[in-house]
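Worksheet: the structure to be examined is printed underneath.
We did not get these values from a lab; they are worked out from the coordinates using the rules stated. Nothing here was measured: the structure is a model prediction, and the numbers come from that model. All Cβ positions, glycine included, derive from the backbone under ideal geometry; neighbour counts span all protein chains shown.
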Amino acid sequence: HAKNCGKNNAKLYSSSLTMQIMSHVKLEVGLRKALQNNELYLLYQPQVDVPSARIVGVEALVRWRHPEHGVIPPNEFIPLAEETGLIVPIGEWVLRTACQQARAWHSQFGQAVRMAVNLSARQFKDENLAQTVLAVLQETGLDPSLLELELTEGTLMDNALATLATLEQLRGVGVLLSIDDFGTGYSSMSYLKRFDVRALKIDKSFISGLPQDSENAAITRAIIAMAHGLKMVVVAEGVETREQLDLLKHYGCDMAQGYHLGRPAAQDAISQMLGNVGSGAAAV
Ligand code: C2E
Ligand code: MG
Ligand code: MG
Ligand code: MG
């Protein structure tokens, strides 16, 4: 518990630090210009198939290179982007950039690299979301089954009817869905089944205490058992040690993501990983 508190405090502190330097208004004005000034960029974090240790996908994670304040992490500007609605154009830029990259890797290495993109609840309120996704896929030529949209339990359960309609449209487009930060929110199992979710991503707060923390171990095993029972795949987030990876392998966890397997990295570093080992790079 003490460890978790420390982490949360650190997060609050760093975010309030940015806020101290920049007023809310200044941050907003800056964010409005960030897109047109090319200040946003993506990092990609490997997602590894646990049994084979191969990179089968990446998650796109946005960064903002502020001209005066340096690199600002998403936790410090995505909430503002959501509040202001700027997340809609920013999210579309993320989606397009990520799909272009996945398409480029596919033709460069002949290897299907699945691209995971985070979506905010606010983006699901945009009734054009499915059309935007379809347009981006057509424009970039990426196979829809190589695009995975990550949403949280909150997004899934919030405004369920509108979300259901959008998710059904997205299913029609042929993209994959996964639930991010699973276990930290509230979701109904019947929804997970109904929405045809491919994967559950176990939140990193459950993984960080492994292998010592027996309660988190129990939660992790229960999520894996439930997901497999519902024919879903499980991804462990925040895998930082070899011991954690070994334990997850023992539990039958399908995929893993975390600093032990690869930090979020620029496109050329990922290209190198994919290129090094030919088709299907081994991560560890
Ligand atoms: P997320 O989707 O759950 O992404 C995983 C976060 O955990 C990333 O933080 C990643 O850098 C971090 N991480 C990965 N491995 C480890 C590990 O082993 N240990 C620890 N302690 N952390 C690890 P990041 O990049 O700062 O992103 C934070 C959140 O911001 C994301 O959480 C996601 O919710 C949001 N986000 C990032 N990019 C986008 C985006 O393009 N659109 C939207 N809507 N949200 C985004
Ligand atoms: Mg995510
Ligand atoms: Mg998240
Ligand atoms: Mg997460």
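Can you tell me which residue among LEU61, LEU43, LEU95 is closer than 26 Å to VAL233 by Cα and in contact with a Ser or Thr (Cβ under 8 Å, 6 or more places away or on another chain)?
Answer to the selection: LEU95.
Residues of segment 82-92 being hydrophobic (A, V, I, L, M, F, W, C) and part of a helix (DSSP H, G or I), which ones?
ILE87, VAL88, ILE90
Cβ-Cβ under 8 Å, sequence separation 6+ or interchain: first residue in segment 177-190 and farther than 13 Å from PHE206 by Cα, partner more than 10 Å from ligand 3 (Cβ to nearest atom) and aromatic (Phe, Trp, Tyr). Which pairs?
Every condition considered, the pairs that remain are LEU177/PHE195.
Can you tell me which residues in segment 93-133 are over 19 Å from the mean Cα position of the chain (by Cα) and part of a helix (DSSP H, G or I)?
Listed by number, the residues that qualify are ALA104, HIS106, SER107, GLN108, PHE109, GLN131.
Residue-by-condition table, conditions (1) buried (at least 20 other Cβ atoms within 10 Å of the Cβ); (2) within 24 Å of MET115 (Cβ to Cβ):
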site: VAL29; (1), (2): no, no
site: ILE55; (1), (2): yes, yes
site: ALA60; (1), (2): yes, yes
site: ARG65; (1), (2): no, yes
site: HIS69; (1), (2): no, no
site: ILE72; (1), (2): yes, yes
site: GLU83; (1), (2): no, no
site: PRO89; (1), (2): no, yes
site: TRP93; (1), (2): no, yes
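Please determine whether any residue of segment 135-144 is within 16 Å of ligand 3 (Cβ to nearest atom) and either touching a residue at least 12 places away in the same chain (Cβ under 8 Å) or surrounded by 14 or more Cβ atoms within 10 Å (Cβ to Cβ) (or both).
no
Consider PRO79 carefully, then state whether it is touching a Leu at 6+ places or on another chain (Cβ under 7 Å), surrounded by fewer than 16 Cβ atoms within 10 Å (Cβ to Cβ) and in a helix (DSSP H, G or I). Can you show your working first?
Details: touching a Leu at 6+ places or on another chain (Cβ under 7 Å): no; surrounded by fewer than 16 Cβ atoms within 10 Å (Cβ to Cβ): yes; in a helix (DSSP H, G or I): yes.
Judged against the criteria, PRO79 is not a match.
Which one is nearest to ligand 2 (Cβ to nearest atom), of the residues in segment 170-228 that are touching a helix residue (DSSP H, G or I) at 6+ places or on another chain (Cβ under 8 Å) and among the charged types (D, E, K, R)?
Ranking the candidates gives ASP181 first.
Taking the condition of being under 16 Å from the mean Cα position of the chain (by Cα) and outside any loop (DSSP other than H, G, I, E, B), how many residues in segment 50-75 meet it? Spell out the reasoning first.
Of the residues in segment 50-75, the ones under 16 Å from the mean Cα position of the chain (by Cα) are 55-63, 73-75.
Among the residues that remain, those that are also outside any loop (DSSP other than H, G, I, E, B) are: 55-63, 74-75.
Final tally of qualifying residues: 11.
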